[in-house]
Amino acid sequence: MRKLERTYSGTERIIARARFSAWAFLREAFIAALLGGIIAVLWIFADDIEGALDPNFSGAARYLTPTNLKWAMVGAGGFVVLLTLLHALSIYMQEIIVTEDKFLFRSGVGSTVNVMLPLNEIRYIDVRQNALQLLLGYGKIKVITDGEEPFVIRNLVRPERFARRIMRQCSYVREGAGTRLQLAVSGRHR
């Protein structure tokens, strides 16, 4: 159980939890393929590349040697692994839950962002997915309120479904708040 769930599950009913998609790691896979492809091209055409760049070329590559290119591969692999770990940590440290009357968002490792937003303040939720994200079933949402600046949450699994659940709960809260407000106003006039 995550931090927000531990904090609120004992006192409030949790209506929805967001899940984050592993497809968000496509960026790292693309970077790995790109760096690997560049190094492979350098490896295959090392003599031709050095010959084109060096007017005193002797016929054998001096800088693009197999040893140097192996170290470049190790460095590129380490870079991609580091990017993947940092991205995984940032996704793991994000948590969203919706209780009966609040939207709660927590994100961050060293410095955290905590958003506790009453559901009656949410005006609408904008769901964005490009063609690939639509095909893979993930995307981002932008939560729009009256008072605050909108904030974006990326890499959600089925963002349109999650947005519908939030908006449905928002309408329940507004209907309930309207009834309570009406009772309070009619009680004062008596």
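When you go through Val127, Val109 one by one, which is the residue that is closer than 27 Å to Glu28 by Cβ, part of a strand (DSSP E or B) and in contact (Cβ under 8 Å) with a residue 12 or more places away in the chain? Talk me through it step by step, then tell me what you get.
Numbers: Val109 fails: part of a strand (DSSP E or B).
Exactly one residue qualifies, and that residue is Val127.
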**OP:** May I ask you to verify whether Leu34 is out of contact with any helix residue (DSSP H, G or I) (no Cβ under 6 Å at 6 or more places or on another chain) and without any contact (Cβ under 8 Å) to a residue 12 or more places away in the chain?
**Re:** yes
Original post:
Looking at region 130-171, which of the residues that are under 19 Å from Ile15 (Cβ atoms) and in a strand (DSSP E or B) is farthest from the chain's Cα centre (by Cα)?
Top reply: Thr145
**OP:** May I ask you to list the residues in region 45-86 that are outside any loop (DSSP other than H, G, I, E, B) and either surrounded by fewer than 12 Cβ atoms within 10 Å (Cβ to Cβ) or touching a Cys at 6+ places or on another chain (Cβ under 8 Å) (or both)?
**Re:** Ala52, Leu53, Pro66, Thr67, Trp71, Val74, Gly78, Leu82, Leu85
**OP:** Starting from residues that are farther than 18 Å from Val152 by Cβ and acidic (Asp, Glu), keep the ones in region 87-117 and report whichever is surrounded by the fewest Cβ atoms within 10 Å (Cβ to Cβ).
**Re:** Glu100
Original post:
Name the pairs: first residue in region 64-76 and under 16 Å from Asp48 (Cβ atoms) and assigned by TED's automatic domain parsing to the domain that holds Val41, second residue part of a helix (DSSP H, G or I) and acidic (Asp, Glu), Cβ to Cβ under 9 Å, at least 6 apart or on different chains?
Top reply: Leu64/Asp47; Leu64/Glu50
**OP:** Please identify the pairs in which a residue from region 18-31 that is within 17 Å of Leu135 (Cα to Cα) has its Cβ atom under 6 Å from the Cβ atom of a residue that is in a helix (DSSP H, G or I) and at pLDDT 90 or above, counting only partners at least 6 apart or on another chain.
**Re:** Trp23/Leu136
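Across region 89-112, what is the total count of residues that are at positive phi and hydrophobic (A, V, I, L, M, F, W, C)? Working first, answer last.
Going residue by residue through region 89-112, those that are at positive phi are 108.
Subsequent filtering for residues that are hydrophobic (A, V, I, L, M, F, W, C) retains none.
Number satisfying all stated conditions: 0.
So in region 1-40, with the set limited to residues that are closer than 17 Å to Val81 by Cα and surrounded by fewer than 12 Cβ atoms within 10 Å (Cβ to Cβ), which one is farthest from the chain's Cα centre (by Cα)? Walk me through it before giving the result.
First, pick out the residues of region 1-40 that are closer than 17 Å to Val81 by Cα: 22-37, 39.
Of the ones still in play, those that are also surrounded by fewer than 12 Cβ atoms within 10 Å (Cβ to Cβ) are 30, 33, 37.
Working: Phe30: 17, Ala33: 21, Gly37: 27 Å.
Per the stated criteria, the residue is Gly37.
The values are calculated or read from the model by the stated rules, or taken from the named source; none is laboratory data. If you're wondering where the values come from, they're calculated on a predicted model, not measured in any experiment. Cβ coordinates were reconstructed from backbone atoms using ideal geometry, including for glycine residues, and neighbour counts include every protein chain displayed.
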